[in-house]
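Chemist: Right, I'll just put the structure down here and ask away after.
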Amino acid sequence: MIKEKRETPYFKRKLEPIEVKVPKKISELLSEMAKTGFQGRKLGEVVEVWKEMLEDDVTIFMGYAGSMSTTGQWKIIRWLIENRFVDVLVSTGANISEDILEAMGGTYWQGSPWVDDHELLKYRIDRFYDVFADEYEYRQMESLIADFMKTLDQNRRYSSAEFLHLFGKHLSELGIKSIVAAAYENNVPVFCPAIVDSGYGIAYLQNKYDNRNFNLIIDQMKDFEQLVEIKTRARDTGVIYIGGGVPKDFIQLTAVGACLLSLKSSGSEEIYPHKYAIQITTDAPHWGGLSGCTFEEAISWGKEAIGGRNVQCFCDATIALPIVVHALAERVNKREKAPDLSWLFNSL
């Protein structure tokens, strides 16, 4: 038996082992995991910090990287938008186009990475690691985007948020319940800072090859201006990164951009770090890439707050995201303070 427990500056929070109990809610399990160690602890802390964001008066940005929608995650993102657990989405083009394929009635199939890819090419089957897609269904999704592009004003410079808001309206009217359709219905801006790196780029080329005078312009500089304006108006913000990549740094740079604007407008340099920060990633920091970059490093840029509520969980997002969001759904009945960002679309 332990006779005496020492007191040190380092013994502050007691670790508590998990007890097996049936039934047990996902939220209860995550709360218990937050009192353990390693990445299980971090996964539990993700829920705690996200819940704090929802209860605070902050604008919540989400970065949604990679090709996650093909793995069955897109309805989770749609639910987060519908319930305003996020206020601004910054996504890769893949994630907000490939969800449309399923929303149109197409199918992704469980496959295998151990397959003859040359044989898949003969059958026109596209592979995402262990997920298969029908190339002909993929082309139908791209054609839907291309047809919508033809309806737009070719003399106007759209930000990606403006373009996707109008596209979301179009999909909503068609009954295609995609991510951008839900975003339109809930006035949640969706930015895509590398939009041509997806079916949107192919859709543009389809129109360009059919009509050399076709000239849709999506202005990525306007994107950044609008995103920084959201950050500047909000001041207090939280960020959630599913993966890293371009969506992550696009959001991170809003803090730098807001600081620059304060310097230009008032002559004094004001720091606008994010008050809360969550990242779920499989990338390690020691390779120097942004996707694995720690929030401690981001403090040096003024992107994250000193003493802010930051948690980074090194885990596959296809494991972490469904568990975390279900736990939040159990713990949070309703968000009371979602900001109104409809002003962004007043000129459309």
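No value in this document is a laboratory result; all are computed from the given coordinates. This structure is a prediction, so every number in the text was calculated from the model and none was measured. With ideal geometry, Cβ positions are generated from the backbone for all residues, glycine too; neighbour counts draw on all protein chains shown.
Chemist: Would you mind computing Rg(Cα) / (2.2 N^0.38 Å) for region 77-156, counting N as its residues?
Modeler: Details: Rg = 15.9 Å, N = 80, 2.2 N^0.38 = 11.6 Å.
In units of the 2.2 N^0.38 Å rule of thumb, it is 1.36.
Chemist: If I build a Gaussian network model for the chain, linking alpha-carbon pairs within less than 10 angstrom, which residue out of LYS208, LYS169, LYS231 has the largest mean-square fluctuation?
Modeler: In the Gaussian network model the winner is LYS208.
Chemist: Follow-up question, since we're still on this one. Can you tell me what percent of all Cα-Cα pairs in region 25-72 are more than 15 Å apart? Walk me through the numbers on the way to the answer.
Modeler: Numbers: 665 of 1128 pairs.
When every Cα pair of region 25-72 is considered, 59 percent fall beyond 15 Å.
Chemist: Report the Stokes-Einstein translational diffusion coefficient (µm² s⁻¹, integer) for region 252-348, Rh taken as the Kirkwood radius over Cα pairs, at 20 °C with viscosity 1.002 mPa s.
Modeler: Working: Rh = 16.2 Å.
Result for D is 133 µm²/s.
Chemist: May I pose another question? If you take the beta carbon distance between ARG124 and GLN39 as r and set R0 to 56 Å, what does 1/(1 + (r/R0)^6) give as a FRET efficiency, to the nearest 0.05?
Modeler: On the way: r = 39 Å, r/R0 = 0.70.
After rounding to 0.05, the efficiency reads 0.90.
Chemist: Taking only the C-alpha atoms, wrap a convex hull around region 51-91 and report its volume per residue in Å³ as a whole number. If you can, show how the numbers build up before the last one.
Modeler: Details: hull volume 2.8 nm³, N = 41.
Value for region 51-91: 68 Å³ per residue.
Chemist: Where in region 306-335 are there trypsin sites (Lys or Arg not before Pro) that are in a DSSP coil and have at most 10 other Cβ atoms within 10 angstrom of their Cβ? All intermediate terms of the calculation are to be shown ahead of the outcome.
Modeler: On the way: sites: ARG309, ARG331, LYS334, ARG335; in loops: LYS334, ARG335.
Here the sparse-neighbourhood loop sites are LYS334.
Chemist: Next question, about the same structure. For region 71-144, what's the relative contact order in percent, using C-alpha pairs closer than 8 Å and at least 6 residues apart?
Modeler: Numbers: 52 pairs, mean separation 20.7, N = 74.
Once divided by the residue count of region 71-144, the mean separation gives 28 percent.
Chemist: Please give the direction-averaged projected area of the C-alpha convex hull for region 210-262, in square nanometres with one decimal. Please report the intermediate quantities before stating the final value.
Modeler: Details: hull surface 22.1 nm².
Approximately 5.5 nm², given one-decimal rounding.
Chemist: Take the alpha-carbon positions of region 201-318, form their convex hull, and give its projected area averaged over all directions (one quarter of the hull surface) in nm².
Modeler: Values: hull surface 40.2 nm².
Average projection, Cα convex hull of region 201-318: 10.0 nm².
Chemist: For the chain, what relative contact order do you get, as a whole percent, if you take Cα pairs closer than 8 Å and at least 6 residues apart?
Modeler: Details: 602 pairs, mean separation 80.9, N = 348.
Reported relative contact order: 23 percent.
Chemist: Sorted from largest down, what three extents in whole angstroms do the Cα atoms of region 97-238 have along their principal axes?
Modeler: So the three principal-axis extents are 52, 41, 28 Å.
Chemist: Right, here's the next one. Helix 317-331 sits at what angle to the longest principal axis of the chain, using alpha carbons and giving 0 to 90 degrees rounded to 10?
Modeler: 70
Chemist: What list of ³J(HN,Hα) couplings, whole Hz, do you get for region 281-294 from phi and the Karplus terms 6.51, -1.76, 1.60, once you set θ to phi - 60° and write x for glycine and proline?
Modeler: 3J(HN,Hα) across region 281-294, in whole Hz: 8, 9, 8, 8, x, 6, 8, x, x, 5, 4, x, 4, 7.
Chemist: Could you work out the Rg to Rh ratio of region 1-97, with Rh taken as the Kirkwood radius (inverse of the mean 1/r over all Cα pairs)? Write down the numbers at each step before the final one.
Modeler: Details: Rg = 18.4 Å, Rh = 16.6 Å.
Here the Rg-to-Rh quotient is 1.11.
Chemist: Under a GNM of the chain (C-alpha, springs under 10 Å), which listed residue has the highest mean-square fluctuation: PRO113, PRO23, PRO247?
Modeler: PRO23
Chemist: Determine the shape class of region 286-329: with a ≥ b ≥ c the square roots of the Cα gyration tensor eigenvalues, call it rounded for a/c under 1.5, and otherwise prolate if a/b is greater than b/c, oblate otherwise. Kindly include the intermediate steps, with their values, before the conclusion.
Modeler: On the way: a/c = 3.82, a/b = 1.57, b/c = 2.43.
Oblate is the answer for region 286-329, as a/c is 1.5 or above yet b/c matches or exceeds a/b.
Chemist: Roughly how many whole Å is it from the C-alpha centroid of region 107-143 to that of region 37-72?
Modeler: 30
Chemist: Quote the Stokes-Einstein diffusion coefficient, in whole µm² s⁻¹, for region 164-254, based on the Kirkwood radius over alpha carbon pairs, a temperature of 10 °C and a viscosity of 1.306 mPa s.
Modeler: Working: Rh = 15.0 Å.
Translational diffusion coefficient: 106 µm²/s.
Chemist: Shifting gears a bit: Roughly how many debye, to the nearest 20, is the charge dipole of region 65-202 about its Cα centre, given +1 on each Lys and Arg Cβ, -1 on each Asp and Glu Cβ, and no other charges? Show your work: numbers first, answer last.
Modeler: On the way: 12 positive and 20 negative charges, 84 e Å.
Roughly 400 debye, rounded to the nearest 20.
Chemist: Please report the equivalent ellipsoid semi-axes of the chain, computed as sqrt(5 x eigenvalue) of the Cα gyration tensor, largest first, in whole Å.
Modeler: Numbers: eigenvalues 262, 145, 66 Å².
Output for the chain: semi-axes of 36, 27, 18 Å.
Chemist: While we're here: Return the calculated 222 nm mean residue ellipticity for the chain, to the nearest 500 deg cm²/dmol, obtained by summing -39500 (n - 2.57) across DSSP H runs with n ≥ 4 and dividing by the residue count. Provide the component values of the computation, followed by the final result.
Modeler: On the way: 13 runs with 153 residues, N = 348.
Helices in the chain give a 222 nm mean residue ellipticity of -13500 deg cm²/dmol.
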